[in-house]
Amino acid sequence: MRHWLLTSFVTLFVSFCNPMTANQCVQQGPRSALRPHHFPLSNHLITMPPKGKAATKPKATETPATTTSNPTTTNTTRQTASQPSEPTTVLERSQQRYEKTRPFEAARQQKGLSKLFKEDQKGWICDQLLHLTNRLPAASRSSLLGPKASKEIWWTVNGTNSIVRGLKHKPEPYTTWGTDRNGHDVGSYTIERFDERFRKRIALTALQVSSRVFRENVEREKRGFVDARSGREIIVTEREIDEEKVRRSKMAVLKKDLYGAITGRLAESVEWEDVVPIPHEEPEGALAAITYPAEYAEAMSYLRAVMTTKEYSPRCLRLTEHIIAMNPAHYTVWLYRAANIFALGISIPDEIEWLNEVALANLKNYQIWHHRHLLVEHYYPTISSDPEALAQFAKQERDFLIAILSEDTKNYHVWSYRSWLVGKLGMWEDEEELKSIEKMIDEDVRNNSAWSHRFVLVFSNPKYATPGKAATEKDEKVPQELVDREVKYAQSKAFLAPQNQSPWNYMRGVLVKGGQPLASVQGFGEEFVNKLGEGEEEEEVKSTHALDLLAEIYAEKKDNEKADLCLRRLAEKWDKIRGGYWEWRRKCLTQSETEKAPGEQVEEAEEGSAAV
Amino acid sequence: MVVRTKATRGRNRAIFIRKFPKNKKENMAASTTSSFPTSQEGVATSSQQNLDAITDDDFEYVDEEFVLSHSAEQQAQPEPMIPDLFKQPSLVKDDLITATSQLQDQTVEHCLPFLTGEDGPLDLNDYGLSKLNREKHIKFLKQSLGPLPGRFVAVDASRPWYLYWCLSGLTMMGEDVSSYRDSVIETARTMQNESGGFGGGHGQTSHLATTYAVILAIALVGGEEAYDVIDKKAMWKWLCSLKQPDGGFQVCVGGEEDIRGAYIAAVIITLLDLPLDLTPESPAYDGRSNLLTGLAEYVRSCQTFEGGISSQPNNEAHGAYAFCALACLAILDNPRRIIPSYLDVPRLVSWLSYRQYAPEGGFSGRTNKLVDGCYSHWAGGCFPLIEACLSPSGPGSEKNKAATGLAAAPESLYSREGLIRYILCCCQDQTKRGGLRDKPYKMSDPYHTNYVLSGLSSAQHQWDLDSDPLPLPNGDTTPSLAAVGADSVWNVFPYIDENDQIYEDSDRVRPIHPAYAIPQKNVNAIRAYFQGRSGFASTLGGE
């Protein structure tokens, strides 16, 4: 019913556009033959062989539509004249097909509708209508007009066999074929190259099918399925896994080749089969966004996934290693690695051995040192009751620390770790520790990190250090001989390079800790200062630190005049950059004349706060 | 301002020599006149007079000849006013050579040509300083906010820092960063974890450092929509889980405990007006303690025998941690009271003062280490807090017992001139790249750009603490129930040098709060917003 209505509608429509009836139209044909250069297209269509005869001809390989455009014998000369050259690219080939299968539309696009012959216009309208039905939503399309009905309409209107199965749209660059991984139009491929690509796609599909079968088998094995035929439980063999591995690497190559899709190591790995990665989520235009390298982005997406499920497993451990190799400053990965180590009960010495290599390769990294800290915290209880094992471990750690500090002598994080380790393993009395520090100071007497470590080693020893005492505070429990020894040590080093501040700071710190007056080193300080204030030429200062200390000593002895002279000379000549500071020290002197000396004041302040 | 050309400076002499090899001596006069038209006559006449003086090497003669005549002509212009202090190696120097002294000597050698104007840009002012190259630095920071190439994977865990460094640097240079509000909001959202706090990026564990950076970035762009990104309740719970029984904070769950944690926690608690109560899940929960209990004591435990502050107890004193310590204390209570109560101020001031080096003018981070532009902030930024702590209280206020005996700070405790010279001469990357740096021959980066500018800002301004310590209840000496230091009123003025100001007024950057390191108005705005929503009104919703 609908079919009939449509047919009449088409007929009416065509009649409306063109006063000629359908039959008249057929009869118009011969007239066109008079103008050899501008034949209406209808002409050769009219003379098309009936469909049934096409079977005798060799079937065209590409699309069935080509069969309808085979030139007839009568039109051979004309056809060859207008036939385009052999296509070089896929796009060209498709465009030629389009022109062949949609001659009316092709002609309209070329010349415009108004310039077409009336027959051709009619043919075009009919063509549009028939293809229009194809453009309707898929569901209604099939029921609307079948190929047979279309042909009938065509025959009714044009009196010829129809071209129903023409290409719908004119092929355009890029939009029709899409781009390859390099962003080139696939349509611009040569036929051979395109065929090659096509073969690869087929190969990929085949691999994907096999891979799917494998994955289903893995799933079946997991659920304990039984094979219906053999009656045995499904088992995925090693061989099958190996085959799958090969398959995946092949697939990765093909995918990369075809689409530029980089399947990372993990996505193609059988081991990560069951993990659904969580890709990096960030809105467009996020600030300081990093264009992550594919490998890093993939690894991170798997890390997010396993961290969400709190998975602790050997594969997670390997994943952390993989990420650390790419970004050793990633604190999240380090913490997760530690959690894995502890959850899996991995041997701590093994982990430390691995860590040593990473540390040597990344000297400035500090996540490594916190990781080591966590490892030792975890390991310590297992060896704490065995003094020998403890000593052995301490030695091992020290040897490594010495090695790494020889590369980077003032690495703050290494020294922090070392200081913590001394407390943790109780290395206070370990002579080797002090010796190795002495060796470092001998190598570079200006290595303040080594001096600082020495101070901690000597004065934080819980054997006599009072807990809770500030570092700049007197501690009565510190043995006198230690204070004397350390003052002597500092002095011997200060002689080597008097302007090196480290031993001066050290000595001052020791004196304060031991509760000794600074004046006890007055003679030593005066060795570096000659004829102060006795004239520009006469005056000799070998160490501004000595002068600074002397100023304090004189102030301590209430000799403010001398103290002021030291500070003045520092400000005027010897250490001008600290002019403001020396001025302040001088102001403190005069202020304390009415109140108290700064030294006493400080002690009182410390006592006040210690009570808090 | 006098603009000098490079021709008078040493480095060009070398270039000049290379231009005139021996065999081209005859053409010398002609070619010099063409390249230096201004000195045409001088060269022609004096070279004639001095021909008799040709000694063994005419090569050197040619060069000397030209330079002598050329500089003679230029002597009409005054030499830049650079004090000898910044032009010569230090007065007292040891003979013993070690690795440390070699590096130090090399650094001085690298810096001196920049300090004296031999290296660096052509345009110097009367004081031998180059201008702050705002345009290039702004461009550099803006680029650092843009998409970064793959090799930046190494900073994947520090991306929030990039937000703060860049936005803060831009703000100090007078840029309006509110246009970044939407992108900061979007970026921050992906970094926030449901369990509270911000990590370095999507799926990264929350960390105090990254949280600090994100919150400051949010405060910098401002606006309620931005503030609302922060899940305050989750933040509070997370902070409780980091609080340790000894008073300090871990930087992340399972992470290290150090003084950064103490400072950042104080910043977060006060900016977001978090409740101080501890959750029962907190490692420090004992029914009596709160988030601030023992925090000042922890800071105190980090002061070393040298007077400086270390990252953790028993480590070496380090500039960055000195700032964290002082700023943390300044947030907890009035600096006049709390700093002398917890730290040995004379030792600290001594150690801090020794961080400044001559002739470089910049600050170092530790004893016997090299100057680095970033310590302009870490060490330089301590001085406003120290000066506040030494400043006398107003009449009628509770007299601070601890600080008596210490004189008020003079006009400036450190050499502002030295620091400004180091920053403008040595820290600017004058190439197309822009940005500020550690020291000459180092690459600029957003970290150094921000902290060098922060240091410049504090050298160019003077901060006056306008609050006096409030009496404490029950005769306590320290506050344990509230961070009242955050309410301290600070007034800022441009620092006016009693001598001449060595830099151009246009090179003055904007001031930042001495403890929060962002402009005061941003601190006030975010605090006001969260104080206006006490408790968890904004996040509790229907609970």
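Per residue of the stretch A:149-154, what does 6.51 cos²θ - 1.76 cosθ + 1.60 with θ = phi - 60° give for ³J(HN,Hα)? Whole Hz please, x for Gly and Pro, Karplus curve as stated.
Couplings: 4, 4, 4, 4, 4, 4 Hz.
What FRET efficiency comes out for A:GLU476 versus A:SER520 if R0 is 25 angstrom and r is the Cβ-Cβ distance? Round to the nearest 0.05.
In this case the efficiency is close to 0.90.
What does the charge add up to near A:ASN217, with Lys and Arg as +1, Asp and Glu as -1, over the other residues with Cβ less than 12 Å from its Cβ?
Details: positive: A:ARG212, A:ARG215, A:ARG220, A:LYS222, A:ARG223; negative: A:GLU216, A:GLU219, A:GLU221, A:ASP227, A:GLU233, A:GLU240, A:GLU243, A:GLU244, A:GLU273.
Value of the local net charge: -4.
Skipping prolines and chain starts, which residues have an amide H placed within reach, meaning under 5 Å, of the one on B:TRP490, given they are 5 or more residues away or on another chain?
Placed amide hydrogens put B:ASP466 under 5 Å from B:TRP490.
In whole angstrom, how long is each semi-axis of the equivalent ellipsoid of the stretch A:181-285, when you take the square root of 5 times every eigenvalue of its Cα gyration tensor and sort them from largest down? Write down the numbers at each step before the final one.
Working: eigenvalues 210, 85, 22 Å².
Working through the eigenvalues yields semi-axes of 32, 21, 11 Å.
For A:THR382 and A:ALA294, calculate 0.36 nm times their separation in residues minus their Cα-Cα distance, and state this gained length in nm to one decimal. Kindly include the intermediate steps, with their values, before the conclusion.
Values: separation 88, 0.36 × 88 = 31.68 nm, distance 4.17 nm.
Net length gain for the segment: 27.5 nm.
If packing is taken as the average count of other Cβ atoms within 10 Å, what order do B:327-333, B:412-418, A:517-523 fall into, highest mean first?
B:327-333, B:412-418, A:517-523
With Cβ to Cβ distances under 13 Å as the rule, what net charge do the other residues near B:TYR180 carry (K, R +1; D, E -1)? Kindly include the intermediate steps, with their values, before the conclusion.
Numbers: positive: B:LYS142, B:ARG181; negative: B:GLU175, B:ASP176, B:ASP182, B:GLU186, B:GLU225.
Cβ neighbours under 13 Å give a net charge of -3.
Taking 0.36 nm per intervening residue step and subtracting the Cα-Cα distance, what contour gain separates A:SER114 from A:GLU196 on full extension? Please report the intermediate quantities before stating the final value.
Numbers: separation 82, 0.36 × 82 = 29.52 nm, distance 4.33 nm.
Gain on stretching A:SER114 to A:GLU196: 25.2 nm.
Which three lengths, in whole Å and largest first, does the stretch A:497-560 cover when its Cα atoms are put on their principal axes?
That gives 38, 29, 14 Å along the principal axes, largest extent first.
Determine, from the Cβ-Cβ distance of A:VAL358 and A:LYS395 and an R0 of 30 Å, the FRET efficiency 1/(1 + (r/R0)^6), rounded to the nearest 0.05. Before the final figure, lay out each step's value.
Values: r = 21 Å, r/R0 = 0.71.
The computed FRET efficiency comes out at 0.90.
When Lys and Arg each count +1 and Asp and Glu each count -1, what net charge do the other residues less than 9 Å away from B:ASN125, Cβ to Cβ, add up to?
Details: positive: B:LYS131; negative: B:ASP123, B:ASP126, B:GLU504.
So the environment of B:ASN125 carries a net charge of -2.
Expressed as cubic angstrom per residue, what is the convex hull volume of the alpha carbon set of the stretch B:305-454? Provide the component values of the computation, followed by the final result.
On the way: hull volume 17.9 nm³, N = 150.
Enclosed volume per residue, from the Cα hull, is 119 Å³.
On average over all directions, what projected area in square nanometres does the stretch A:411-545 have, based on the convex hull of its Cα atoms? Show your work: numbers first, answer last.
Numbers: hull surface 36.3 nm².
Taking a quarter of the hull surface, the average projection is 9.1 nm².
B:ASP105 versus A:GLU284, label points 7 Å from Cα toward the beta carbon: distance in nm?
6.0
What residues qualify as long-range amide H neighbours of B:GLN462, i.e. H under 5 Å apart, gap of 5 or more or another chain, H built at 1.01 Å from N?
Hits under the 5 Å cutoff: B:PHE493, B:TYR495.
How large is the convex hull of the C-alpha atoms of the stretch A:480-603 per residue, in Å³? Present the calculation step by step, with values, prior to reporting the outcome.
Details: hull volume 12.1 nm³, N = 124.
Residue-normalised Cα hull volume stands at 98 Å³.
Among A:579-590, B:145-156, B:428-439, how do they line up by average Cβ neighbours within 10 Å per residue, starting with the highest?
Final packing ranking: A:579-590, B:428-439, B:145-156.
Given a Förster radius of 51 Å and the C-beta distance between B:VAL253 and A:ARG232 as r, what FRET efficiency does 1/(1 + (r/R0)^6) yield to the nearest 0.05?
On the way: r = 49 Å, r/R0 = 0.96.
Rounded to the nearest 0.05, the efficiency is 0.55.
For the stretch A:335-399, what are the per-bin percents of Cα-Cα distances with bins 5 Å wide, up to the bin holding the maximum?
P(r) for the stretch A:335-399, in whole percents per bin: 4, 15, 28, 27, 17, 8, 1.
Can you classify the stretch B:150-267 as rounded, prolate or oblate using the Cα gyration tensor, where a ≥ b ≥ c are the square roots of its eigenvalues, rounded means a/c under 1.5, and otherwise it's prolate if a/b beats b/c and oblate if not? Each step should come with its number before you reach the end.
Numbers: a/c = 1.67, a/b = 1.54, b/c = 1.08.
Note, shape of the stretch B:150-267 comes out prolate.
For the stretch B:73-224, what log10 I(q)/I(0) values come out of the Debye formula at q = 0.08, 0.11, 0.15 1/Å, with one point per alpha carbon and no solvent?
-0.42, -0.69, -0.89
With a probe of 1.4 Å, find how much accessible area the stretch B:406-445 has per residue, and write the answer as a whole number in Å².
Details: 1200 Å² over 40 residues.
Using a 1.4 Å probe on heavy atoms only, each residue of the stretch B:406-445 averages 30 Å².
Straight distance only, please: which lysines reach the Cα of A:LYS424 with their own Cα at less than 21 Å, same-chain residues fewer than 8 apart left out?
Cα-Cα hits under 21 Å: A:LYS395, A:LYS435, A:LYS463, A:LYS469.
Taking H placed 1.01 Å from N in the peptide plane, check which residues at least 5 places from B:GLU360 or on another chain put their amide H under 5 Å from its amide H.
Those lying under 5 Å, H to H, from B:GLU360: there are none.
Work out, in µm²/s and without decimals, the Stokes-Einstein translational diffusion coefficient of the stretch B:165-215 at 4 °C, 1.567 mPa s, Rh from Kirkwood over C-alpha pairs. Write out the running numbers ahead of the final one.
Numbers: Rh = 11.6 Å.
Using the Kirkwood radius from Cα pairs, D works out to 112 µm²/s.
The stretch A:497-570: which GluC sites (Glu not before Pro) are DSSP loop and have at most 16 other beta-carbon atoms within 10 angstrom?
Listed in order of number, the matching sites are A:GLU527, A:GLU534, A:GLU536, A:GLU537, A:GLU538, A:GLU539.
Can you quote the Å³ per residue value for the convex hull of the Cα atoms in the stretch A:226-384, rounded to an integer?
On the way: hull volume 30.3 nm³, N = 159.
Roughly 190 Å³ of hull volume per residue.
Return the Rg/Rh value of the stretch B:196-235, two decimal places, where both radii are evaluated on C-alpha atoms and Rh is the Kirkwood radius.
Working: Rg = 9.9 Å, Rh = 10.3 Å.
Rg/Rh for the stretch B:196-235 comes to 0.96.
Through the Karplus equation 6.51 cos²θ - 1.76 cosθ + 1.60, θ set to phi - 60°, convert the phi angles of the stretch A:498-510 into ³J(HN,Hα) values in whole Hz; use x for Gly and Pro.
Residue by residue, the stretch A:498-510 yields x, 8, 7, 6, 3, x, 5, 4, 5, 4, 4, x, 5 Hz.
If I take all pairs of Cα atoms in the stretch B:210-361, what percentage of them are more than 24 Å from each other? The partial results should precede the final answer.
Working: 4158 of 11476 pairs.
In whole percent, the long-distance tail amounts to 36.
Quick one: what does P(r) look like for the stretch A:206-257 with 5 Å bins over all Cα pairs, in whole %?
Spelled out per bin, shortest first, that is 5, 20, 24, 22, 14, 8, 4, 2, 0.
Hey, what do the phi angles of the stretch A:533-543 turn into as Karplus ³J(HN,Hα) couplings, whole Hz, using 6.51/-1.76/1.60 and θ = phi - 60°, x for Gly and Pro?
Once θ is set to phi - 60°, the couplings for the stretch A:533-543 become x, 9, x, 3, 6, 6, 4, 9, 10, 8, 8 Hz.
How much of the calculated P(r) for the stretch B:413-526 lies past 25 Å, in percent of all Cα pairs?
Numbers: 2473 of 6441 pairs.
That fraction is 38 percent.
Compute the distance in nm between two label points, each set 7 Å from the Cα along the Cα-to-Cβ direction, one at A:VAL253 and one at A:TYR174.
Between A:VAL253 and A:TYR174, the label points sit 3.3 nm apart.
For peptide A:415-424, compute the average count of partner chain beta-carbon atoms within 10 Å of each residue's beta-carbon.
Mean partner-chain Cβ count within 10 Å for A:415-424: 3.
Let me see the pair-distance distribution of the stretch A:372-483: every alpha carbon pair, 10 Å bin width, integer percents in order.
Once binned at 10 Å, the Cα pair distances of the stretch A:372-483 give 12, 44, 34, 10.
Roughly how crowded by other chains is peptide A:449-459, in terms of the mean Cβ count from those chains within 10 Å of each of its Cβ atoms? Please list the in-between numbers first.
Numbers: counts 7, 1, 5, 12, 3, 0, 5, 7, 1, 0, 2.
So the per-residue partner count for this stretch is 4.
The values are calculated or read from the model by the stated rules, or taken from the named source; none is laboratory data. Since we're looking at a predicted model, the values are computed, not measured. Here Cβ is always computed from backbone atoms with ideal geometry, including for glycine, and neighbour counts include all displayed protein chains. In case anyone asks, the SASA skips ligands and DNA or RNA and just uses the protein heavy atoms, side chains included. Shrake-Rupley method; radii C 1.70, N 1.55, O 1.52, S 1.80 Å.
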